[in-house]
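Report on one structure; see the data block that follows.
The values are calculated or read from the model by the stated rules, or taken from the named source; none is laboratory data. What you are looking at is a predicted structure, and each value in this text was computed from that prediction instead of being measured. Note that we place each Cβ from the backbone using ideal geometry, even for glycine, and neighbour counts take in every protein chain shown.
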Amino acid sequence: QTGGDPMGGAKWVRRSLRKLYGLYDVGRNRGAVGGGVSADTAEFAVDCLARWWNNIGRGAYPHADHLLLADGGGSNGHRSRLFKRELQRWADRTGMAVTVGHYPRGASKWYPVEHRLFSQVSKNWAAVPLRSVDTMLACLRGTGTATGLTVDAWLMDKIYPTRLKVGNAEMKALNLRRHETCPDWNYTFQPRPDPPSSDRQSAELFLHSPLDGLGTGRRKSRQAESPRARAAVFRRSGAEPTPASGPVQPASGRQSPVETGRNAKGPPS
């Protein structure tokens, strides 16, 4: 999550977990939350998106060629050059077009990720002492509703540098088309057939980055979850205990574009 703070007063977890970043698939009523141990940066935001796509989105939407993001402010705001550069690199890696629509200020009451995902997370871990990352992940994964909401959660243990600058030359190299309506808030990235050498090197590094190895961290954390803690989580949510992990079920119906919502309090469209 960017902007807001669904962790409330969970100071125990904050000592090791710095930020949560959430994505909500509107069509499938499925949420995903990445917990970072580093700074809230645009690279962290896009890595969470990439993790969601690699683990969930690609299996749910195998024929998708266009991703639609309803976005917010903060590290993934409409003014962030780094966010645009990282999204362009992700589009180059996947070959997918990415359209971003930033919500305007004051529009958070219409933001699905706030009311359909993080509100339920807050209810599920209310009064639960979040004394460890494993307990927090168990609470996130145990969140559910009678309408079928499910939540995936993982730990992002990569350290992200802050205060990175993106120069004018890099911005000119982006394959970015701004829309006629609110062009600062609505724009589309198309994959570049021949990205700059620096971006090609970044794509090669991405294939071997800690992001790909974070699945092991997720399995370890799930194994470490206390059965008593998990039972308490499911009792609070009113859901029936389910296996901690399982295969991704392909979604039926229309495959593209995929619409996801990410939390933030700031400009979007």
Qualifying helices (runs of 4 or more DSSP H) (wholly inside region 31-140; at least 2 residues being in contact with a helix residue (DSSP H, G or I) (Cβ under 6 Å, 6 or more places away or on another chain) and among the small types (G, A, S)) | 42-52
Looking across region 28-42 at residues that are surrounded by fewer than 22 Cβ atoms within 10 Å (Cβ to Cβ) and either free of Cβ contacts under 8 Å to residues at least 40 places away in the same chain or among the β-branched types (V, I, T) (or both), the single one that is nearest to A70 (Cα to Cα) is D40
Name the single residue, out of those in region 1-27 being modelled with pLDDT of 85 or more and surrounded by fewer than 21 Cβ atoms within 10 Å (Cβ to Cβ), that is nearest to Y160 (Cα to Cα).
-> V26
Provide a single number: the residues in region 74-98 that are of a type in the set (S, T, N, Q) and more than 23 Å from K165 (Cα to Cα).
-> 1
Search region 146-174 for residues that are part of a strand (DSSP E or B) and pair each with any residue that is of a type in the set (F, W, Y) when their beta-carbon atoms are under 7 Å apart and the residues are at least 6 apart or on different chains.
-> M156/F44
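Can you confirm whether L149 is surrounded by fewer than 23 Cβ atoms within 10 Å (Cβ to Cβ) and either at positive phi or of a type in the set (A, V, I, L, M, F, W, C) (or both)?
Here the answer is yes, as L149 does meet what is asked.
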Hey, can you tell me all the residues within region 50-65 that are touching a residue at least 60 places away in the same chain (Cβ under 8 Å) and of a type in the set (A, V, I, L, M, F, W, C)?
-> A50, W52, I56, A60, A64
From the set of residues in region 54-82 that are surrounded by 23 or more Cβ atoms within 10 Å (Cβ to Cβ) and within 14 Å of F189 (Cβ to Cβ), which is farthest from the chain's Cα centre (by Cα)?
-> H78
Give the residue that is farthest from the chain's Cα centre (by Cα), with candidates limited to residues of region 98-119 that are surrounded by 17 or more Cβ atoms within 10 Å (Cβ to Cβ) and over 30 Å from N175 (Cβ atoms).
-> S108
